[in-house]
Amino acid sequence: MSEFVVPEQYTRAVNTTHTGESFPIPDEEKFSYGTAGFRFRAEKLSFLVFRCAYVASLRARQLNSTIGVMITASHNPEEDNGVKLVDPSGDMLNVVWEIYATDIVNATDANLAAAVRSLERQMSQIENSFIATGNTHNARVVCGMDIRTSGPHLMEAARAGAAVFNVNFENIGEVSTPILHYIVKSYNFPQFAEPTVQGYYKAISDAFKELHEITVEPEGSSYQPKLIVDCANGVGAPRFRDLLQHIPKELLEVEFRNESGPLNHLCGADFVKIAQKLPTSFKSEDQDPKCATFDGDADRLIYFRAKTGAEPGAAELFDGDKIACLYAMYIKEQLKAYHETRPTYNIDMGIVQTAYANGSSTRFIKDTLGLKSVIVKTGVKHLHEEASEFDVGIYFEANGHGTVVFSAHFDSIIRRHPHENLALRRLALFSRVINETVGDAFADLLAVEIILRHYGWSMDDWAEKMYKDVPNVQIKVPVADRSIFETTNAEQTLVKPDGIQKMIDQDVAKFKNSRAFIRPSGTENIVRVYAEADTVENTQALGKSLEQVIRNLCIA
Ligand code: 16G
Ligand code: ZN
């Protein structure tokens with residue numbers, strides 16, 4: 001085994017930032033993988049990205065395949081950055097490897113070589129491991145970044161980390177997180193698409209154009225192929241512009257806003273969702289008919305428009321729940337048509353949400369669509385895993401992150417025989433517009449547009465023909481130590497601190513049609529309060545009183 005050598009600027013003791021300054025990391029400071037990878041102030045990350053890329057290269061050698069490294073802090077401010085790893089299937093990193101990555105990242109400089117040797121030894125003892133056979137020539141680390149100023153420096157740290165044991169390294173530049181996921185999958189499954197950014201554009205836009213061709217607007221349609229997109233001043237702006245080069249304007253015309261200001265500042269999907277406000281540069285009086293917003297790395301999508309009869313700047317949201325219901329309606333209709341012609345092969349479908357799903361959406365799924373919604377813990381990996389239990393698994397977080405996953409059974413019946421009837425063709429093409437590896441703002445937007453066109457819907461129609469959100473509020477409460485909060489029941493019940501759930505239940509019982517929960521954030525040192533009730537005033541009152549429960553507890 002060769003020596004594990006760390007260039008000085010990537011040691012904890014030196015840790016050089018993108019401005020060339022040294023920002024040493026004390027041995028006591030601990031880092032955890034979190035809901036979606038490591039995410040911190042950018043100056044803490046050079047050593048961390050170096051080590052993560054080494055872990056990625058080890059995983060790539062173990063499986064003799066391509067692993068992804070994405071340098072992004074999603075909807076966080078510009079000063080932050082982060083890193084997440086992508087498995088060969090294009091999905092999130094295997095959880096056991098999250099633990100390996102955390103151990104390696106938290107080793108002191110003095111212990112690092114020993115920690116690396118021990119992990120390498122463990123891998124070489126695994127039966128069928130390519131490391132054991134020495135056959136690792138397909139091992140590759142593909143790395144992408146969003147548009148933060150710290151990105152290029154961290155990219156070099158990743159290159160150096162992958163170089164330790166000479167694993168192929170490819171810098172694919174500034175991409176959205178979903179593009180990176182898609183390329184990783186394409187490397188490992190070449191039949192999927194060409195493993196390049198252009199390959200991604202081509203695959204998604206070709207499927208969109210083909211599906212568009214067989215999607216006929218009904219008579220009296222109010223659909224408009226036009227919208228305004230808030231790009232959160234993130235990587236979504238340049239990359240979505242590139243993707244749209246492949247789609248004629250008559251099919252979809254997009255006006256871009258928030259392309260080059262401060263990243264995620266007063267704009268983007270997270271801001272719009274939590275504040276329920278229009279992003280900066282959108283005004284109520286513009287009367288914009290249809291708008292959508294991405295987050296900083298374009299893995300979230302929310303539609304919105306100015307809210308009428310509310311204070312200026314208020315936004316009406318068509319969030320992840322509304323998008324999930326739209327997909328479910330369309331797919332259910334196609335599956336019904338398919339089952340009428342071929343009743344023998346059953347294709348099942350399910351919807352996965354989190355506790356943040358608006359109560360009205362869950363009722364709509366159950367009562368109107370006659371489907372079941374499974375509620376799981378926050379974080380895409382939990383939703384993705386549960387959705388994979390179905391032939392067609394739709395999952396969405398209310399915050400706009402979601403996609404659809406399709407089983408091997410779906411693949412063999414639908415994707416391989418798309419020409420038998422129209423419903424089959426639609427399903428097959430829809431499954432190719434969608435980026436099944438992860439929530440993808442671009443692919444999701446194209447899928448939404450196809451369905452609105454199919455039904456001939458305007459935003460008014462979408463608002464009226466599904467369900468009306470119950471008033472809801474989200475409040476962030478900063479706390480010194482969020483680890484004292486422990487939840488169960490898909491994060492809807494607090495089991496620790498003792499007695500707190502009883503106080504929540506008492507508050508909830510004071511309001512009509514109410515529902516609420518408190519959970520510690522997995523990404524920030526805060527506790528989140530979520531509340532629903534019959535009116536806006538009651539919702540706010542409930543939210544405030546729950547906020548007070550936490551404040552009292554943390555002061556006491
Ligand atoms: C991350 C997760 C998102 C989740 C959010 C919750 C991924 C790719 N992203 O952004 O799914 O909703 O964290 O944050 O998994 P919280 O734990 O702070 O509420
Ligand atoms: Zn994101």
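Numbers for the structure displayed
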| quantity | calculated |
| --- | --- |
| Answer residue from the range 31-46, given it is crowded, with 22+ Cβ neighbours inside 10 Å and more than 14 Å from ligand 1 (Cβ to nearest atom) and is farthest from Pro520 (Cα to Cα) among those | Ser46 |
| Test result for Ser22, touching a strand residue (DSSP E or B) at 6+ places or on another chain (Cβ under 6 Å) and without any contact (Cβ under 8 Å) to a residue 40 or more places away in the chain | yes |
| Flag if Val69 is farther than 24 Å from Phe192 by Cα and out of contact with any Pro (no Cβ under 6 Å at 6 or more places or on another chain) | no |
| Qualifying residues in the range 538-556 (those that are at pLDDT below 95 and of a type outside the set (S, T, N, Q)) - the one nearest to ligand 2 (Cβ to nearest atom) | Ile550 |
| Members of the range 84-101 found to be within 21 Å of the chain's Cα centre (by Cα) and either assigned to a loop (DSSP other than H, G, I, E, B) or of a type in the set (Ser, Thr, Tyr) (or both), listed by number | Asp87, Pro88, Ser89, Gly90, Asp91, Leu93, Asn94 |
| Close pairs from the range 510-534: first crowded, with 19+ Cβ neighbours inside 10 Å, partner part of a loop (DSSP other than H, G, I, E, B) and charged (D, E, K, R), Cβ under 6 Å, at least 6 apart | Arg519/Glu491 |
| All positions within the range 418-469 that are of a type in the set (D, E, K, R), outside any helix (DSSP H, G or I) and closer than 22 Å to Leu335 by Cα | Glu420, Glu436 |
| Test: residue in the range 345-354 that is surrounded by fewer than 24 Cβ atoms within 10 Å (Cβ to Cβ), away from ligand 2 (no atom under 16 Å from the Cβ), of a type in the set (Gly, Ala, Ser) and assigned to a helix (DSSP H, G or I) | no |
| The range 208-224 residues that are at pLDDT 95 or above, paired with ones that are surrounded by 12 or more Cβ atoms within 10 Å (Cβ to Cβ) and among the acidic types (Asp, Glu) (beta carbon under 7 Å, 6 or more apart) | Ser222/Asp461; Tyr223/Glu217 |
| Conditions (1) farther than 30 Å from Gln62 by Cα; (2) touching a Phe, Trp or Tyr at 6+ places or on another chain (Cβ under 9 Å); number of the one not met by Tyr182 | (1) |
| Residue in the range 259-266 that is under 30 Å from Gly144 (Cα atoms), in a strand (DSSP E or B), touching a residue at least 12 places away in the same chain (Cβ under 8 Å) and under 22 Å from the mean Cα position of the chain (by Cα) present | no |
| Residues satisfying the stated conditions in the range 518-541, i.e. within 12 Å of ligand 1 (Cβ to nearest atom) and either in a strand (DSSP E or B) or more than 18 Å from Val495 (Cα to Cα) (or both) | Ile518, Arg519, Pro520, Thr523, Glu524, Asn525, Ile526, Val527, Arg528, Val529, Tyr530 |
| Check on Val116, farther than 21 Å from Lys30 by Cα, buried (at least 19 other Cβ atoms within 10 Å of the Cβ) and out of contact with any Asp or Glu (no Cβ under 7 Å at 6 or more places or on another chain) | no |
| Yes/no for Thr293 being part of a loop (DSSP other than H, G, I, E, B) and either over 17 Å from the mean Cα position of the chain (by Cα) or surrounded by 15 or more Cβ atoms within 10 Å (Cβ to Cβ) (or both) | no |
| The range 64-87, residues that are surrounded by fewer than 24 Cβ atoms within 10 Å (Cβ to Cβ) and within 15 Å of ligand 2 (Cβ to nearest atom) | Asn76, Pro77, Glu78, Asp80 |
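The values are calculated or read from the model by the stated rules, or taken from the named source; none is laboratory data. From a predicted model like this one, the values you see are computed outputs, not experimental measurements. For neighbour counting, all protein chains shown are included, and Cβ atoms are generated from backbone atoms with ideal geometry for every residue, glycine included.
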